[in-house]
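The values are calculated or read from the model by the stated rules, or taken from the named source; none is laboratory data. If you're wondering where the values come from, they're calculated on a predicted model, not measured in any experiment. So basically every Cβ, Gly included, is an ideal-geometry build from the backbone, and we count neighbours across all protein chains shown.
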Amino acid sequence: MIVDIRELEFTTRGKGTYEISHEVAEVVRESGLRNGTVTVFVKHTSASLVLMENADPSARRDLEMFFDKLVPEDTDYFIHTYEGADDMPSHIRMALTRSSEVIPVNEGRMMLGTWQGIFLFEHRRAVHHRRVVVTVMGER
């Protein structure tokens, strides 16, 4: 069994979804793994990961607008606002989504569905540098 762990860094341009499928697939390819799993983990409390539609950007935009309405930034009872109005909402949005995803790997390829992509979901308005750990486990 092989275990290959790598840390990737992504720079976001503020709130939104950023596809990272290609970078994760490259880590899988470079590992030489034939069969197993790849785990993707984001090391932040104000960004998350989602498996989402990757063909039509309007699906991701709808998701982003849904979260803006579900957890608005102008909520007057939030106490944790040290870093601005988007501080606490970004933590809640992260808690409602996921910090990791596990994807099966077969014959050296991630077994994502036809329209699935792996997305870093940035919940803050400002530019951020995000670290994502990719762990590939399985057999060559």
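Before moving on, here are some points about what is shown:
- From F10, F66, residue being aromatic (F, W, Y), surrounded by fewer than 19 Cβ atoms within 10 Å (Cβ to Cβ), in a helix (DSSP H, G or I) and at pLDDT 95 or above: F66
- Some residue of the range 21-36 being surrounded by 15 or more Cβ atoms within 10 Å (Cβ to Cβ), under 19 Å from R130 (Cβ atoms) and not hydrophobic (A, V, I, L, M, F, W, C): yes
- Of all residues in the range 47-63 being in a loop (DSSP other than H, G, I, E, B) and in contact (Cβ under 8 Å) with a residue 60 or more places away in the chain, the one that is nearest to E23 (Cα to Cα): N54
- Per-region count, the range 84-110, residues touching a residue at least 12 places away in the same chain (Cβ under 8 Å) and more than 18 Å from S21 (Cα to Cα): 12
- Candidates in the range 82-140 are the residues that are under 11 Å from the mean Cα position of the chain (by Cα) and either of a type in the set (D, E, K, R) or modelled with pLDDT under 95 (or both); of these, the one that is nearest to R34 (Cα to Cα) is E101.
- Residue that is nearest to P104 (Cα to Cα), among those in the range 37-48 that are buried (at least 21 other Cβ atoms within 10 Å of the Cβ) and under 10 Å from the mean Cα position of the chain (by Cα): V40
- Scanning the range 87-129 for residues that are over 12 Å from A47 (Cβ atoms) and either touching a His at 6+ places or on another chain (Cβ under 8 Å) or among the aromatic types (F, W, Y) (or both) yields D87, M88, P89, W115.
- The number of residues in the range 102-140 that are surrounded by 13 or more Cβ atoms within 10 Å (Cβ to Cβ) and on the phi > 0 side of the Ramachandran plot comes to 2.
- Within the range 22-46, the residues that satisfy the criterion of being under 15 Å from S100 (Cβ atoms) and in contact with a strand residue (DSSP E or B) (Cβ under 7 Å, 6 or more places away or on another chain) are V24, V27, T37, V38, T39, V40, F41, V42, K43, H44.
- Number of residues in the range 13-41 that are assigned to a strand (DSSP E or B) and closer than 20 Å to G138 by Cα equals 7.
So that you can scan it fast, the table gives a plain yes or no per residue for (1) in a strand (DSSP E or B); (2) closer than 19 Å to M52 by Cα:
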{"residue": "E73", "(1), (2)": "no, no"}
{"residue": "D76", "(1), (2)": "no, no"}
{"residue": "P89", "(1), (2)": "no, no"}
{"residue": "R93", "(1), (2)": "no, yes"}
{"residue": "G113", "(1), (2)": "no, yes"}
{"residue": "I118", "(1), (2)": "yes, yes"}
{"residue": "R125", "(1), (2)": "no, no"}
{"residue": "V132", "(1), (2)": "yes, yes"}
{"residue": "M137", "(1), (2)": "yes, no"}
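- Selection status of H44, out of contact with any Cys (no Cβ under 6 Å at 6 or more places or on another chain), part of a loop (DSSP other than H, G, I, E, B) and at pLDDT 95 or above: yes
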